[in-house]
Amino acid sequence: MKESLHWSYIDKEKKTAMCNLCPHNCRLSDGKIGVCRVRQNVGGKLYTHTYGRFASVNIDPIEKKPLYHFYPGSGILSVGTLGCNFRCLHCQNWGISQSGAGGQGFKGEGLRELSSGDALRLAKTNNSIGIAYTYNEPLINYEWTLETAEAFRSEGLKNVLVTNGYINEPPWTEILKWTDAANIDVKAFSDNFYKKVCGGRLEPVLRSAEIMHKAGKHLELTYLIIPGENDTNEEIKKFVDWVAGLDDDIPVHFSRYTPQYRMSAPATPLETMETARKTAMEKLKYVYLGNVWEQDSGSTCCPGCGNLLIERTGYTTEIKGLSAGGRCRKCNAKINIVLEEK
């Protein structure tokens, strides 16, 4: 275990401590473990169980994060460990996100040891643009993520977060210094949904997105549409209005729900997905549908003239109508996209 960052004593003599990493602000007596299942009070100090220990290590297409406007067509080293500070009833990665030191019988078998240096060597060997902290909630593995992000930046490689955005402002501001891009999940536009389905709150997530955009980092957003939970036209419009108020250039991914973990509602109808995209396109420039393979909704077109800029079929990506400077070859409009420098 490694001593955690962002915690404070409540009572040093009684060995009680508070985790200050995320808005749960867990108050922990000696031996107790936080909501995330990986940060524990040991003898009055907070430690993390997942530093340098990983459940998944792969080279993924950047589009899988999903990031469609950040080095499209590239590969990125992707790592994930255990735990999450949410309890989403529909989690697709529940096998790792809902595991951890707080899980029954946890001993950490099968986890891969990976140092920051190991990650750097893997990224370079596999011609990766950098590293994506993903699969489970990466910010609860804050110590390794921060250390590794600094190491990758020093080597000119990119740092990508795939996160629920549920983090307190001081640690978020700190790690953003080393972050190049992120996809933040906005799981609904209702605090009631967050409390009932995720075990969290909406406001801190929106704040994280707003802080990141203000910091000038590349941001994309994902909204998983679940029938009967967060799929009303009214809620979609509220989400779209908030994004448009932030910046209509921000790419949005509406992802199709399928039954997972503890949620058994039928998969989201294609009609619902298409309606959401149509609604969003009234105010946003780049809107995509995820988990909808039969629809031509993953390609990027110029919001000005409609020229096909990037054609996507699944995770196969072909740049067609973009200049090296990130402009439409037909009308010369500037596109919100980060391209590899040639």
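Kindly indicate which of P303, P269, P251 is of a type outside the set (A, V, I, L, M, F, W, C) and exposed (fewer than 14 other Cβ atoms within 10 Å of the Cβ). Even if it seems obvious, please write down each step before you answer.
Numbers: P303 fails: exposed (fewer than 14 other Cβ atoms within 10 Å of the Cβ); P251 fails: exposed (fewer than 14 other Cβ atoms within 10 Å of the Cβ).
On inspection, the qualifying residue turns out to be P269.
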Under 9 Å between Cβ atoms, at least 6 apart or on separate chains: pull out the pairs that start in region 139-150 with a residue that is of a type in the set (S, T, N, Q) and end on any residue that is assigned to a helix (DSSP H, G or I). T145/P138; T145/L139; T145/I175; T148/S116; T148/A119; T148/L120
Suppose we filter N126, N141, N164 for residues that are on the phi < 0 side of the Ramachandran plot and in contact with a Ser or Thr (Cβ under 8 Å, 6 or more places away or on another chain); which single one remains? N141
With the requirement that a residue be assigned to a helix (DSSP H, G or I), more than 27 Å from P72 (Cα to Cα) and without any contact (Cβ under 8 Å) to a residue 24 or more places away in the chain, what does region 227-276 give you? E234, E271
Within region 311-334, how many residues are out of contact with any Asp or Glu (no Cβ under 7 Å at 6 or more places or on another chain), under 21 Å from L219 (Cα atoms) and either hydroxyl-bearing (S, T, Y) or touching a residue at least 40 places away in the same chain (Cβ under 8 Å) (or both)? 1
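Answer yes or no as to whether T316 is at pLDDT below 95 and farther than 23 Å from A188 by Cβ.
yes
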Checking L219 against (1) surrounded by fewer than 16 Cβ atoms within 10 Å (Cβ to Cβ); (2) outside any loop (DSSP other than H, G, I, E, B), which single condition isn't satisfied? (1)
Among the hydroxyl-bearing types (S, T, Y) and within 30 Å of G199 (Cβ to Cβ): does that describe T268? yes
Out of the residues in region 167-214 that are of a type in the set (S, T, Y) and either surrounded by fewer than 19 Cβ atoms within 10 Å (Cβ to Cβ) or not assigned by TED's automatic domain parsing to the domain that holds E229 (or both), which is nearest to F86 (Cα to Cα)? S190
Residue in region 253-265 that is assigned by TED's automatic domain parsing to the domain that holds G199 and more than 30 Å from Q98 (Cβ to Cβ) present: no
Looking only at region 197-208, and only at residues there that are closer than 15 Å to L224 by Cβ and part of a helix (DSSP H, G or I), the one that is farthest from the chain's Cα centre (by Cα): V197
Within region 1-12, restricting to residues that are among the hydroxyl-bearing types (S, T, Y) and out of contact with any Gly (no Cβ under 8 Å at 6 or more places or on another chain), the one that is surrounded by the most Cβ atoms within 10 Å (Cβ to Cβ) is S4
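The values are calculated or read from the model by the stated rules, or taken from the named source; none is laboratory data. Keep in mind that what you see is a predicted model, and the values were worked out from it rather than measured. Using ideal geometry, Cβ is built from the backbone for each residue, glycine included, and neighbour counts are taken over all protein chains shown.
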